[in-house]
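The values are calculated or read from the model by the stated rules, or taken from the named source; none is laboratory data. Being a predicted model, the structure only gives us computed values, none of them experimental. Reconstructed Cβ throughout: ideal geometry from the backbone, glycine too, with neighbour counts over all protein chains shown.
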Amino acid sequence: MTSRKLKRPVVYGIYIGAVVLVLGAIYLIEGSLSKGTFKEDDNERPVYVSDTIFSEDIPVVGSDSKILRPYTDTEVTIVKNYYDYQGNAESQIESILYHENTYLQNSGISYGGKDNFDVVAILDGKVVSVKEDSLLGKIVELEHSNGMISVYQSLSEVIVAEGDSITGGAKIGTSGTNNIAKDLGSHLDFELIIKGETVNPESYYDKSVSEI
């Protein structure tokens, strides 16, 4: 075969054309990646999205989420009622705590009847406080995204820490005793605060968040 030398203008044309093709390919690949449309292998290539996902400080509670009881053991019962200012005299007497010659109105409900039962979160939320009080024992406070605060007192054990995100039904700790109601034995003092007002928890269990 007879070899022929390409003329210089032809060589330049081929060179320029190759450069244009390479640059064009790079442009198309980068454009596809930025739009998330380039796929080599769905199992190996990352998926690109244009939206930014923000994580909230407090887990969002769905409007259809139901408020759970702060315990799961069916043997647990009410051992001291919530003090209702609009209730009758008999129920009010049953919700009074007596400590060091002082009568105190129970601002929550005391659940007991069984030693060291599991205490659980009533809704998704964030642990905003974990502390120990000389009278009330170990205390955990959860904040929920719907303006609700739940407070768990008289705990013997706490397995969460301040700043933790927790799901409804997850264990927070274990019931215990305190120095303000020793006669109740192992129990949980539970308070529910809605829009800054302490309410009777028994009126809200099994309700959807949208109903509140």
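Would you check which residues across the range 107-133 are out of contact with any Asp or Glu (no Cβ under 7 Å at 6 or more places or on another chain) and among the basic types (Lys, Arg) and list them?
Listed by number, the list holds a single entry, Lys131.
Being assigned to a strand (DSSP E or B), crowded, with 16+ Cβ neighbours inside 10 Å, free of Cβ contacts under 8 Å to residues at least 24 places away in the same chain and assigned by TED's automatic domain parsing to the domain that holds Ile109 is the requirement here; does Glu141 meet it? Write out each step before concluding.
Details: assigned to a strand (DSSP E or B): yes; crowded, with 16+ Cβ neighbours inside 10 Å: yes; free of Cβ contacts under 8 Å to residues at least 24 places away in the same chain: yes; assigned by TED's automatic domain parsing to the domain that holds Ile109: yes.
In short, yes.
Report whether or not Val128 is surrounded by fewer than 17 Cβ atoms within 10 Å (Cβ to Cβ) and modelled with pLDDT of 90 or more. I'd like the intermediate steps shown before the answer.
Numbers: surrounded by fewer than 17 Cβ atoms within 10 Å (Cβ to Cβ): yes; modelled with pLDDT of 90 or more: yes.
Answer is yes for this residue.
Keeping to the range 169-183, report how many residues are in a strand (DSSP E or B) and buried (at least 18 other Cβ atoms within 10 Å of the Cβ). Steps first, answer last, please.
Filtering the range 169-183 for residues in a strand (DSSP E or B) gives 171-176.
Next, only the ones that are buried (at least 18 other Cβ atoms within 10 Å of the Cβ) stay: 172-176.
Residues that pass the stated criteria total 5.
Just to be sure, is Ser150 part of a strand (DSSP E or B), among the polar types (S, T, N, Q) and farther than 14 Å from Pro70 by Cα? Break it down into steps so the answer makes sense when it comes.
Details: part of a strand (DSSP E or B): yes; among the polar types (S, T, N, Q): yes; farther than 14 Å from Pro70 by Cα: no.
No.
Return the pairs, sorted by first residue and then second, in which the second residue is surrounded by fewer than 16 Cβ atoms within 10 Å (Cβ to Cβ) and modelled with pLDDT under 95, the first residue lies in the range 154-165 and is more than 16 Å from Tyr71 (Cβ to Cβ), the beta carbons are less than 8 Å apart, and the residues are 6+ apart or on different chains.
Taking only residues 6 or more apart or on different chains, the pairs are Ser165/Ile58.
Those residues that are hydroxyl-bearing (Ser, Thr, Tyr) and part of a loop (DSSP other than H, G, I, E, B), I need them from the range 124-138; list them, please. So that I can check it myself, show each step before the final result.
Step one: filter the range 124-138 for residues hydroxyl-bearing (Ser, Thr, Tyr), giving 129, 134.
Hit for the range 124-138 is Ser134, nothing else.
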